[in-house]
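Structure, as C-alpha cells:
The values are calculated or read from the model by the stated rules, or taken from the named source; none is laboratory data. Remember, it's a predicted structure, so these values are computed and weren't measured experimentally. Cβ placement follows ideal geometry from the backbone for every residue including glycine, while neighbour counts extend to all protein chains displayed. We work out accessible area using only protein heavy atoms, side chains counted, and drop any ligands, DNA or RNA first. Shrake-Rupley method; radii C 1.70, N 1.55, O 1.52, S 1.80 Å.
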Amino acid sequence: MLPARRSALKTEELISIRLVCLFVSLFIVVSGSANTLKDQKDNEARQAMTRAESLRATWTAPTLRQALEDYDKAYSIWTSISDFTNASKAALESGDIHFLFSEYAEALKRYKNAETTAAKSRDWLTQARALSRMGRMHTYLGNNDLALQQVNKALDIFTQHDAVRSGGASNAYGEVLTDLAEVTYEKGDFVKSS
C-alpha cells in the first residue's frame, strides 16, 4: 500500500508542477502580447505625429485641417497607453493650429489637455508652455484676469526649474514673458507690459 500512496503523491505533485508551468507560460504570453500591443499603438501614434508635422509644413488650410486630425489621433492613442509626455506634445501642437484658425475655444481645450497630461507625466516644460498659451487664449477671449493667472502659473514653473533650464526651455521662457506682456497690455498696464 505504501508504493501506491507514493505513486498518488508523485502524480499530484506532477499535476501541480504542470499547472504552475502552464500559468507561468500563460502569464508570459499575455504580458508579451500586451507590450507588443502597446508598441504597436505607440508606433501608430508616432506615424500620425510625423504625418501631421509633414502636413503642417505645407501651410495650406486643407493640410492644416488634416494635420489637426493626425495630432488628435496621436493624442488619443498616447493617452490610451498612458504615454502622457507625448500626448501632451500632440495636444499642444493641435492647439497651435486651432489658434492659427482663430478657433480659440478649441485651442483652449487642446491647451488644457496638454497641461493636464503634461502634469501627469511631470513634463514641466510642456506644462508651462500649455499654461502660457492658455493665458494667451484667455486674453483673446477677454478673460484677462484668468489669463494673468495662467501666465503667472507658467512663470512659477520656470522659477521652480531655473537650475535645469536648457536652450529650448529658455526660448519657452521668452514666450511666456511675451504672453505676460500681452496680458498686462490688454489689462491697460502699459508701463508694466514694456
Notebook entry, point to check: Just to be sure, is residue 82 farther than 25 Å from residue 181 by Cβ and not in a helix (DSSP H, G or I)?
Noted result: yes
Notebook entry, point to check: Counting only residues that are open to solvent by less than 30 Å² (accessible area, probe 1.4 Å) and within 15 Å of residue 107 (Cα to Cα), how many does the stretch 140-155 have?
Noted result: 2
Checklist line | Residues within the stretch 72-100 that are open to solvent by less than 30 Å² (accessible area, probe 1.4 Å) and either over 17 Å from residue 129 (Cα atoms) or among the β-branched types (Val, Ile, Thr) (or both), tallied | finding: 5
Check: Right, residue 107: more than 16 Å from residue 85 (Cβ to Cβ), buried (at least 20 other Cβ atoms within 10 Å of the Cβ), at pLDDT 95 or above and among the aliphatic types (A, V, I, L, M) or not?
Finding: yes
Note to self: If a residue must be under 22 Å from residue 125 (Cα atoms) and either within 11 Å of the chain's Cα centre (by Cα) or open to solvent by 20 Å² or more (accessible area, probe 1.4 Å) (or both), how many such residues does the stretch 43-70 contain?
What the structure shows: 4
Margin query: I'd like the residue in the stretch 117-139 that is among the hydrophobic types (A, V, I, L, M, F, W, C) and surrounded by fewer than 23 Cβ atoms within 10 Å (Cβ to Cβ) and, out of all such residues, is nearest to the chain's Cα centre (by Cα).
Written below: 119
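Conditions tested, residue by residue: (1) at pLDDT 95 or above; (2) in contact with a Leu (Cβ under 6 Å, 6 or more places away or on another chain); (3) of a type outside the set (Phe, Trp, Tyr).
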{"position": "97", "(1), (2), (3)": "yes, yes, yes"}
{"position": "124", "(1), (2), (3)": "no, no, no"}
{"position": "168", "(1), (2), (3)": "no, no, yes"}
{"position": "178", "(1), (2), (3)": "no, no, yes"}
{"position": "183", "(1), (2), (3)": "no, yes, yes"}
Notebook entry, point to check: residue 146 is checked against (1) in contact with a helix residue (DSSP H, G or I) (Cβ under 7 Å, 6 or more places away or on another chain); (2) under 29 Å from residue 70 (Cβ atoms) and fails just one. What number does that condition carry?
Noted result: (2)
Margin query: Looking at 180, 155 in this structure, which one is over 23 Å from residue 102 (Cα atoms) and in contact with a Ser or Thr (Cβ under 9 Å, 6 or more places away or on another chain)?
Written below: 155
Check: Looking at (1) of a type outside the set (Val, Ile, Thr); (2) over 18 Å from residue 93 (Cβ atoms); (3) over 17 Å from the mean Cα position of the chain (by Cα); (4) at pLDDT 90 or above, which is the only condition residue 161 fails?
Finding: (4)
